[in-house]
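The values are calculated or read from the model by the stated rules, or taken from the named source; none is laboratory data. What you see is a predicted model; the values in this text were computed from it and never measured. Neighbour counts run over all protein chains shown; Cβ positions are idealised from the backbone, glycine included. For accessibility, only protein heavy atoms count, side chains too; no ligands or nucleic acids. Shrake-Rupley method; radii C 1.70, N 1.55, O 1.52, S 1.80 Å.
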Amino acid sequence: MEFGPHLILAILEGLVQASVLTLTALGLSLVFGVMRVVNVAHGEFFMLGAVFAYGVANSIGGAPVVGFVAALIVAPLLVGVLAAAADWLILRRLDHDPERTIVATIGMLYVIQQITLMTYGPDAHPVTPPFNQRIAIPWFEFTDKGLEFYFPWGLSTTSYKLFVVAAAIVAGLGVWLLMARSRLGLILRATQLDRETALAFGIPVQRVYALTFGFGAALAALGAVLVVPIQQAHYLMGGDPLLLSFIVVIIGGLGSLRGTVLAAILIGMSNGIISVFFSPTLAKILATLLVAMVLVYRPQGLFGKKPA
Amino acid sequence: MMLEVRHISAGYGKVQVLHDLSLGVKAGEILCLLGRNGAGKTTLLKTIMGLVRARSGEILLEGVPLNDLPAYKVPRQGVGYIPQGRRLFAELTVAENLQVGLMTRGQGDEVLEHVLTMFPRLRERMDQRAETLSGGEQQMLATARALCLRPRVLLLDEPTEGLQPSMIAMIRAAVVELRAQGVAIILVEQRVEAVLEVADRVIFIENGRNALEATPDDLRANESLVHRYVGV
Ligand SMILES: Nc1ncnc2c1ncn2[C@@H]1O[C@H](COP(=O)(O)OP(=O)(O)OP(=O)(O)O)[C@@H](O)[C@H]1O
Ligand SMILES: [Mg+2]
């Protein structure tokens, strides 16, 4: 394939990755921002989302659309409730101490992974996409007759991939609306800014934390449900999203949702593009290097503001 | 008594700050607390708010114990708090800060309207972020935020710290107006002259203990008392 069409293909791949990563990283960023908790189990909530999606879609049967829509609603909800319960039962008892919660979420990571292995098993399972039309993309050429369009072989995407991008945009806007415009968003932001004063104004901080932890996990699960018709559900699939989300949150500036979205698009796109042209490993090496550079030269993140 | 603190002990970790401290304040009364830096004045207010847990003793609001409640329920009983250093939600706008105060007890626009008539300068700055306000405006916002929950009891921790005289007069006027409305007020202050002008009663705190209770007249008559407990 020529460079132009190849690049378009890579950008499309990157867009899909960026979409899923945006949702996953938003979840991690929200939890860190509001609660100051580094959730090492975040990738496992992603994995649980995919596994539950497989479970729901499979047990419902009928047309793939029905199973998928059910998974899209049930899996994030279930993961959210589980995470909120984990916060209430475990992290709350540690008083959400930043250091002790790291250890606790590492423990959660292994427990979730092993229970999944014991019940769901070691195999990967696909979820049938609800729709999956191939969409050919035209390219152009200058000939002696002027500009001409044609459909290069292999330059195509699927309707499902476009749906993933659209769904992520809708969900991302939803999160923004929730945070910036709703009463609940105001409560979350106030809690994030000053936990003690929030308490002194009647905000039940412990419950807000459980809700935030659940919501953050549900966002990861939502990303996973979207991706599972493209990638299969597997009990070890949480590692990459965790690593990439961490990279995104650090590059975007800890606790900044806008920075998180921008960094997720940057990392997702470049990851997709480099993976197509070179290799996924190189993509990860470069992203990790970028994190190291950011930590050294701009610790507040590329998009975060300087601490006062 | 509107608010009664009975034999409270409290502290942080192994350090005990308050020792068997008691006081009470009636509706429509201003009780001033004086004491040296580190005496435990802020700790006392935090203990009333449930932010620091009382280890023993009781805190009663019109006879109903507050110290068994989780901290977030204390303001919902009508206890407004203006913390030392203001503690505004820095990145939220003026309007959002006030909204948090209104939410505490589900107050609506009439209350907001009333509070904004007391502090008209805030009305012009509703969409400005709290951190960009001047010091005086920040103190107005901290006060207004607490008034948004229509408190029965108001706790003010050094509200005039770092303010110029005109601002201090404004805060004082607000406090006196609230007293007239029947709010029970506990005012922590460093500046003795300011205390003498508004206080109905004064309690000195020394090393987390009750040291002396007096009226402003007592203190005017006997300045050595002030010297002894506040050391100015
Ligand atoms: N979070 C905390 N952890 C441990 N010790 C604390 C904490 N907050 C206050 N203290 C200690 O408790 C004591 C009383 O402090 P507090 O802030 O109540 O004094 P204060 O009377 O308000 O003083 P100031 O006039 O300087 O505001 C001090 O010795 C202080 O060091
Ligand atoms: Mg103090």
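Got a sec? Which of B:181, B:190 is more than 13 Å from chain A (Cβ to nearest Cβ), within 16 Å of ligand 1 (Cβ to nearest atom) and more than 12 Å from the chain's Cα centre (by Cα)?
The conditions single out B:190.
So residue B:208 passes all but one of these: (1) within 16 Å of ligand 2 (Cβ to nearest atom); (2) open to solvent by 70 Å² or more (accessible area, probe 1.4 Å). Which condition number does it fail?
(2)
Please tell me if residue B:80 is modelled with pLDDT under 95 and within 14 Å of chain A (Cβ to nearest Cβ).
No: the conditions fail for residue B:80.
If the Cβ limit is 9 Å and pairs must be 6+ apart or interchain, which residue in the stretch B:5-27 that is open to solvent by 60 Å² or more (accessible area, probe 1.4 Å) pairs with which residue that is of a type in the set (S, T, N, Q) and not in a strand (DSSP E or B)?
B:12/B:43
Conditions tested, residue by residue: (1) within 18 Å of residue A:45 (Cα to Cα); (2) open to solvent by less than 90 Å² (accessible area, probe 1.4 Å); (3) in a helix (DSSP H, G or I).
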{"site": "A:73", "(1), (2), (3)": "yes, no, yes"}
{"site": "A:80", "(1), (2), (3)": "yes, yes, yes"}
{"site": "A:100", "(1), (2), (3)": "no, no, yes"}
{"site": "A:106", "(1), (2), (3)": "yes, yes, yes"}
{"site": "A:127", "(1), (2), (3)": "yes, yes, no"}
{"site": "A:130", "(1), (2), (3)": "no, yes, no"}
{"site": "A:149", "(1), (2), (3)": "no, no, no"}
{"site": "A:153", "(1), (2), (3)": "no, no, no"}
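Just the residues that are in contact with a strand residue (DSSP E or B) (Cβ under 7 Å, 6 or more places away or on another chain) and either within 16 Å of ligand 1 (Cβ to nearest atom) or away from chain A (no Cβ under 14 Å) (or both), please, taken from the stretch B:153-171.
Hits for the stretch B:153-171 are B:155, B:156, B:157, B:158, B:159.
Scan the stretch B:186-203 and report the pairs whose first residue is over 15 Å from residue B:3 (Cα atoms) and whose second residue is assigned to a helix (DSSP H, G or I) and within 13 Å of ligand 1 (Cβ to nearest atom), with Cβ atoms within less than 6 Å and a gap of 6+ or a chain change.
B:188/B:41
Among the numbered conditions (1) in contact (Cβ under 8 Å) with a residue 12 or more places away in the chain; (2) within 16 Å of ligand 2 (Cβ to nearest atom), tell me where residue B:38 comes up short.
(1)
Where residues in the stretch B:21-40 are among the charged types (D, E, K, R) and at pLDDT 95 or above, which of them is nearest to ligand 1 (Cβ to nearest atom)?
B:29
So residue B:60 ticks every box in (1) touching a residue at least 24 places away in the same chain (Cβ under 8 Å); (2) more than 14 Å from chain A (Cβ to nearest Cβ); (3) touching a helix residue (DSSP H, G or I) at 6+ places or on another chain (Cβ under 7 Å) but one. Which box is left unticked?
All conditions are met except number (3).
Residues that are more than 23 Å from residue A:165 (Cβ to Cβ) and within 15 Å of the chain's Cα centre (by Cα): does the stretch A:271-294 have at least one?
Scanning the stretch A:271-294, I find no residue that is more than 23 Å from residue A:165 (Cβ to Cβ) and within 15 Å of the chain's Cα centre (by Cα), so the answer is no.
Would you confirm whether any residue within the stretch B:50-58 is of a type in the set (Lys, Arg), within 16 Å of ligand 2 (Cβ to nearest atom) and surrounded by fewer than 23 Cβ atoms within 10 Å (Cβ to Cβ)?
Among the residues of the stretch B:50-58, not one is of a type in the set (Lys, Arg), within 16 Å of ligand 2 (Cβ to nearest atom) and surrounded by fewer than 23 Cβ atoms within 10 Å (Cβ to Cβ), which makes the answer no.
Inspect the stretch A:189-212 for any residue being surrounded by 13 or more Cβ atoms within 10 Å (Cβ to Cβ), hydrophobic (A, V, I, L, M, F, W, C) and within 26 Å of residue A:229 (Cα to Cα) and give the result as yes or no. It would help to see each step written out before you state the result.
At the first step, the residues of the stretch A:189-212 found to be surrounded by 13 or more Cβ atoms within 10 Å (Cβ to Cβ) are A:189-212.
Of the ones still in play, those that are also hydrophobic (A, V, I, L, M, F, W, C) are A:190, A:193, A:198-201, A:203, A:205, A:208, A:210-211.
Now narrow it down to the ones that are within 26 Å of residue A:229 (Cα to Cα): none.
Checked against the condition, which is being surrounded by 13 or more Cβ atoms within 10 Å (Cβ to Cβ), hydrophobic (A, V, I, L, M, F, W, C) and within 26 Å of residue A:229 (Cα to Cα), the stretch A:189-212 yields no hits at all.
Can you work out which of the residues in the stretch B:72-88 that are in contact with a Lys or Arg (Cβ under 9 Å, 6 or more places away or on another chain) and over 19 Å from residue B:174 (Cβ atoms) is surrounded by the fewest Cβ atoms within 10 Å (Cβ to Cβ)?
Per the stated criteria, the residue is B:76.
What single numbered condition from (1) part of a helix (DSSP H, G or I); (2) open to solvent by 60 Å² or more (accessible area, probe 1.4 Å); (3) within 19 Å of residue B:2 (Cβ to Cβ) fails to hold for residue B:176?
(2)
Would you tally the residues in the stretch B:89-100 being surrounded by 23 or more Cβ atoms within 10 Å (Cβ to Cβ) and more than 7 Å from chain A (Cβ to nearest Cβ)?
3
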